[in-house]
Amino acid sequence: MINRRRFLAISAAALTTPAVAQPTKWYGYALGAEVSLTFDAPPEVAEPAIARVRAELGRCEALFSLYRPESDLSQLNRFGHLKAPAPEMLRLLRACDRAYRQTDGRFDPTVQPIWQAAAQNGDLEAARKTLGWDRVRISPDHIALDSGQALTLNGIAQGYATDLVTEVLRQAGWRVP
């Protein structure tokens, strides 16, 4: 299981020989979690990869962050629907759907209203009535939530972002364990 505070800890090895490489570390923050990367390469080799990682994490934040009011997830939660969702959002929600079905409903991203009610001393019973992934409607051109619903994708989005960053690094020629 991914540690929520450090969801991304990838060690990438440059295509140079390990004896020549010097570790370069980068620390950041994404999707509500600390992020760290260690590259076995000097800074001048690692910096372009770090820039790519930061760009990819920025894309992920723009899609899945609960902490950014302009993110696609925040817009979906605020308005109850999202038109023309990004392919990455659709892939992640389909993964949520599989997890929901495989766990007989134990994995349910519609718990966000419960988190909000608990944090704000709100009505937990009313929040519980909004639960139900089976009421979320997903199509290639539209995502719609039932009345009062909101999603949290924290853990699964962090794992998905890690997969996307790993792929970015591989495409740039890095070996990622």
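The values are calculated or read from the model by the stated rules, or taken from the named source; none is laboratory data. Keep in mind that what you see is a predicted model, and the values were worked out from it rather than measured. Every residue, glycine as well, gets a Cβ built from its backbone with ideal geometry; the counts of neighbours run over all protein chains shown. We work out accessible area using only protein heavy atoms, side chains counted, and drop any ligands, DNA or RNA first. Shrake-Rupley method; radii C 1.70, N 1.55, O 1.52, S 1.80 Å.
Yes/no matrix, rows are residues, columns are (1) farther than 25 Å from ILE50 by Cα; (2) touching a residue at least 12 places away in the same chain (Cβ under 8 Å); (3) open to solvent by less than 90 Å² (accessible area, probe 1.4 Å); (4) of a type in the set (Ser, Thr, Tyr):
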position: ASP97; (1), (2), (3), (4): yes, yes, yes, no
position: ASP108; (1), (2), (3), (4): yes, yes, yes, no
position: LEU131; (1), (2), (3), (4): yes, yes, yes, no
position: SER139; (1), (2), (3), (4): yes, no, yes, yes
position: SER147; (1), (2), (3), (4): yes, yes, no, yes
position: LEU151; (1), (2), (3), (4): yes, yes, yes, no
position: VAL165; (1), (2), (3), (4): no, yes, yes, no
position: VAL168; (1), (2), (3), (4): no, yes, yes, no
Any hit, region 96-117, residues being of a type in the set (D, E, K, R), more than 15 Å from the chain's Cα centre (by Cα) and closer than 22 Å to LEU37 by Cα
no
In contact with a Lys or Arg (Cβ under 8 Å, 6 or more places away or on another chain) and more than 22 Å from TRP174 (Cβ to Cβ): does that describe SER74?
yes
Members of region 110-120 found to be open to solvent by 100 Å² or more (accessible area, probe 1.4 Å) and either among the small types (Gly, Ala, Ser) or over 17 Å from LEU66 (Cβ atoms) (or both), listed by number:
none
Residue check for GLY155: in contact with a helix residue (DSSP H, G or I) (Cβ under 8 Å, 6 or more places away or on another chain), surrounded by 12 or more Cβ atoms within 10 Å (Cβ to Cβ), farther than 16 Å from GLU56 by Cα and not β-branched (Val, Ile, Thr):
no
Flag if ARG54 is surrounded by 11 or more Cβ atoms within 10 Å (Cβ to Cβ) and in contact with a Gly (Cβ under 8 Å, 6 or more places away or on another chain):
yes
By residue number, the members of region 112-162 that are hydroxyl-bearing (Ser, Thr, Tyr) and touching a Pro at 6+ places or on another chain (Cβ under 8 Å) are THR130, THR152
Meets criteria (free of Cβ contacts under 8 Å to residues at least 40 places away in the same chain, open to solvent by 80 Å² or more (accessible area, probe 1.4 Å) and over 21 Å from TYR29 (Cβ atoms)) for ASP123:
yes
Which of the residues belonging to region 31-50 are in a helix (DSSP H, G or I) and closer than 25 Å to LEU153 by Cα?
ILE50
When you go through (1) at pLDDT 95 or above; (2) in a strand (DSSP E or B); (3) under 14 Å from the mean Cα position of the chain (by Cα) one by one for GLU56, which number turns out not to apply?
(2)
I'm trying to understand the selection: among the residues of region 59-91, which are open to solvent by less than 60 Å² (accessible area, probe 1.4 Å) and over 14 Å from the mean Cα position of the chain (by Cα)?
GLN75, LEU76, ASN77, GLY80, LEU82, PRO85
